[in-house]
Amino acid sequence: MGDVVKLQGVGVSPGIIIGPAHLVARCMPDAPHYCITPDHRQEEEERLLAALEESRLQLINIQQELTKNKNNPELLYILDAHRLILEDTMLRDGTVNYVRKGYNAEWAVVRYLSEIIAVFQQMDDAYLREKRADIEQVGKRLLNNLLGHSEESVAGFPEPVVLVAEEFTPSDTLQMKHETVLGFVAQRGGRTSHTAILAKSLDIPAVVGVPRATGKITQGDMLVVDGLTGLIHVNPNTQTLAQLKDKQQRYILFQQRLMDSTIQPAVTTDGRKILLKANIEIYSDAFKARRLGADGIGLYRTEHLYMNRSILPDEEELCRTFKQVITTMKDLPVTIRTMDLSGEKKSKLFYRDSEHAGINPAMGMQGIRFCLREERQVFLSQLRALLRIGSEGDVRILLPMISGVTELEEVLQLLGEAKESLIKDGLNFNPNVPVGVMVEVPAAALCAKELANKVDFLSIGTNDLIQFTLAVDRQDESVAYLYESGHPAVLRLIAMAMAGGVAGGVPVSVCGEMAGDPRFAALFMGMGIDELSMTSGCLPLIRRITRTIDFTQYQEMASSVLEGHSTAEVMGLLDDMLRSSCGDEYIFH
Ligand code: PEP
Ligand code: MG
């Protein structure tokens, strides 16, 4: 066993896990390089073609396995994308060409892939990076098959392990199985990266952004990972391990108590009702939201419907998927956000070339801008589906990334066009589906009243609001230390958005990750926000916290927090505030 080390990363999905490290290689296997004499080239070509076919069949098998477990359509799309790359004649012809020139099959694959990857590397675009990763994964599978290596997957292991890698993709996260993957540690990634949000939604404890994790952790090291604080103990001594196991037991008991307690209403001690809703990523998340007593879906991110697939979902498919969520949630409200493709959440369907790369993707042609400027028809079909499904339940439409009134007016006009076209087509729809704006750009917080005057509700998206207020890219771990939820500027903008909503006469909720953090959830309640939407797993705890809060007392505390001069001061005040009402249980948060 190696040295005792403590590593600090960003805790993104809570849970204390103890187990051996399993390092997952993310690099290509070593490929032998040799020349094939002309009389053996035909044979080598057949070996290459056989490996291509074997890789394709493996993917089909995995897909068939997954189809039995109907909860994972997103993973099917990813595997579909890999299969399409394998079936692409370019890959076959490109590699066969090299074999015909005398390269051995493995060398031909490495050579051809490195050419393609070099092209992608020159393009600074998140979608193309994603595409490059797909090609690398396909290449790895192909090489493993040529070399007779069994494929390294993250799906299952003989014993429970803690996975460690430079980076895990959202598709890796979807494949992890609870029985054998205790959780994961990644060198890259940030709190609000897609992989992190997915880990939380699937209850997989995770710590990301751990500098040099793969260098400092070796295979088989005993790890204790705290997915809340981000602290990782590598090979702790017997005494520390005993203490950590004790903490783990208390955490498990605490979680059990939270889960076992019958779902009680989220009401403060002085009788103020707080609506606690769920954020969902994929439609099957709605089951968990329902089980954990969500008061509805406060944010349904629809990007997954457009990601990792080769054809666009048509209006009927959108209606069917939305209907599943509505049916699962019974009569509860479901807020569906229009597609917000951005940064890492780009879709292969649209960004076909480098024209969309932009200089700074986080501030470029993305979100609502992309819908209005680049893919108006696709956006129109989503709006039509939302209006149609609005006649089947309590549906609300949420617009992301709105930066001002003019942009909002343009969307509202398009919504009007969607209604006219539905009338023309004689289709049933609800013309009065409530429409809301996400406040996630500082400009929207500053103009909240003007925006509120034109819509039915506001929902504060803190993940992006922090990014844009502090000029800190939420994907970039090198500046993750500056991504401070408790920064006074962020809190003041949230207060402004809240005041703007009140002045405009519409309800204001919060749906960013801050809503599921007990300290900020309590602060928001003190600020008068009575609707929070969070990852389902956070609901039991926030409900419990709500039931310890005295609203009148928290109102006063919230005003002093908003006057805090620095993040440190704010966090200190929030800690004191929560400790005063939650007592000892607070140690887990
Ligand atoms: C946000 O920005 O706070 C938000 C909820 O949206 P997303 O995380 O999907 O960007
Ligand atoms: Mg956002």
Across the stretch 5-22, in residue order, what do the Karplus-derived ³J(HN,Hα) couplings come to in whole Hz, using 6.51 cos²θ - 1.76 cosθ + 1.60 with θ = phi - 60° and x for Gly and Pro? 9, 10, 10, 10, x, 10, x, 10, 8, x, x, 9, 10, 10, x, x, 6, 10
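Which is the longest part of the chain that has none of the trypsin sites (Lys or Arg not before Pro) sitting in a DSSP loop with at most 13 other Cβ atoms within 10 Å? Can you show the working numbers first?
Details: sites that count: K70, K101, K177, R212, K330, R352.
Longest stretch, sites excluded: 353-589.
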What is the angle, in °, between the Cα long axis of helix 41-68 and the longest principal axis of the Cα atoms in the chain? Nearest 10 is fine, range 0 to 90. 30
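How much length is gained on full extension from D39 to V502, taking 0.36 nm per residue of separation minus their Cα-Cα distance?
Details: separation 463, 0.36 × 463 = 166.68 nm, distance 8.06 nm.
The span from D39 to V502 would gain 158.6 nm if fully extended.
Grab the DSSP H runs of the chain that are 4 residues or longer, score each as -39,500 (n - 2.57), total them, divide by all residues and round the 222 nm result to the nearest 500 deg cm²/dmol.
Taken over the chain, the calculation gives -15000 deg cm²/dmol.
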Interchain or long-range residues, amide H under 5 Å from K277's placed H: D295, L532, S533, M534
Please work out how much length the chain gains when fully extended from L253 to H178, using 0.36 nm per residue of separation minus the C-alpha to C-alpha distance, in nm with one decimal. 25.1 nm
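Local charge sum around Q555 (other residues, Cβ-Cβ under 14 Å, Lys/Arg +1, Asp/Glu -1)? Before the final figure, lay out the partial values.
Working: positive: R272; negative: D270, D530, D550, E556, E563.
Its environment carries a net charge of -4.
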Using the 10 angstrom Cβ neighbour count as an exposure proxy, how do E484, E159 rank, fewest first? E159, E484
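May I ask you to compute the full-extension gain from Q377 to L147, defined as 0.36 nm times their residue separation minus their alpha-carbon distance, rounded to one decimal in nm?
Values: separation 230, 0.36 × 230 = 82.80 nm, distance 4.66 nm.
The Q377-L147 span can extend by a further 78.1 nm.
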For the stretch 262-586, give the share of DSSP beta bridges that are antiparallel, in percent and rounded to the nearest 5; count only bridges with both residues there. 5
For the pair N453 and R579, what calculated FRET efficiency results from E = 1/(1 + (r/R0)^6), where r is the Cβ-Cβ distance and R0 = 35 Å, to the nearest 0.05? 0.30
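D456: net charge of surrounding residues, Cβ under 14 Å, Lys/Arg +1, Asp/Glu -1, itself excluded? Please report the intermediate quantities before stating the final value.
Working: positive: R396, K454; negative: D394, E531.
Computed value for this residue: 0.
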Between the alpha-carbon centers of the stretch 207-232 and the stretch 443-516, tell me the distance in whole angstrom. 32
Size of the dipole of the chain about the Cα centre, Lys and Arg at +1 and Asp and Glu at -1 on the beta carbon, nothing else charged, in debye to 20? 880
Which whole-number percent is the relative contact order of the chain (Cα, under 8 Å, 6+ apart)? 15
How many angstrom lie between the Cα centre of the stretch 6-21 and the Cα centre of the stretch 251-281? 25
Counting only residues 5 or more apart in sequence or on a different chain, those whose built amide H sits under 5 Å from that of G183 are L163
All-pairs Cα distance distribution in the chain, expressed in whole percent, bin size 20 Å: 19, 52, 25, 3, 0
On Cα atoms only, tilt of 89-100 relative to the major axis of the chain in degrees: 30
Quick one: which residues, 5+ away or cross-chain, put their amide H under 5 Å from the amide H of I460? H built at 1.01 Å from N. V439, S509, V510, C511
Among M90, Q324, V441, whose Cα projects farthest towards the positive end of the dipole of the chain, with charges put on the beta-carbon of Lys, Arg (+1) and Asp, Glu (-1)? Q324
Would you mind checking K177/K323; K323/K419; K419/K449; K273/K454; K424/K454; K245/K288 for any pair whose Cα atoms are more than 22 angstrom apart? K177/K323; K419/K449; K273/K454; K424/K454; K245/K288
Of the options I368, P518, F379, report the single residue whose Cα projects farthest towards the positive end of the charge dipole of the chain (beta-carbon charges: Lys, Arg +1; Asp, Glu -1). P518
Can you give the net charge of the other residues whose Cβ lies under 12 Å from the Cβ of G404, counting K and R as +1 and D and E as -1? -2
Can you tell me the orientation of helix 315-328 relative to the chain, as the angle in degrees between its alpha-carbon axis and the longest Cα principal axis, to the nearest 10? 60
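Any read-out appearing in this document is the output of simple, stated calculations on the displayed coordinates, not a laboratory observation. This one's a predicted model, so the numbers in the text were calculated from it and none came from an experiment. As a convention, Cβ positions derive from the backbone with ideal geometry for all residues, glycine included, and neighbour counts pool all protein chains shown.
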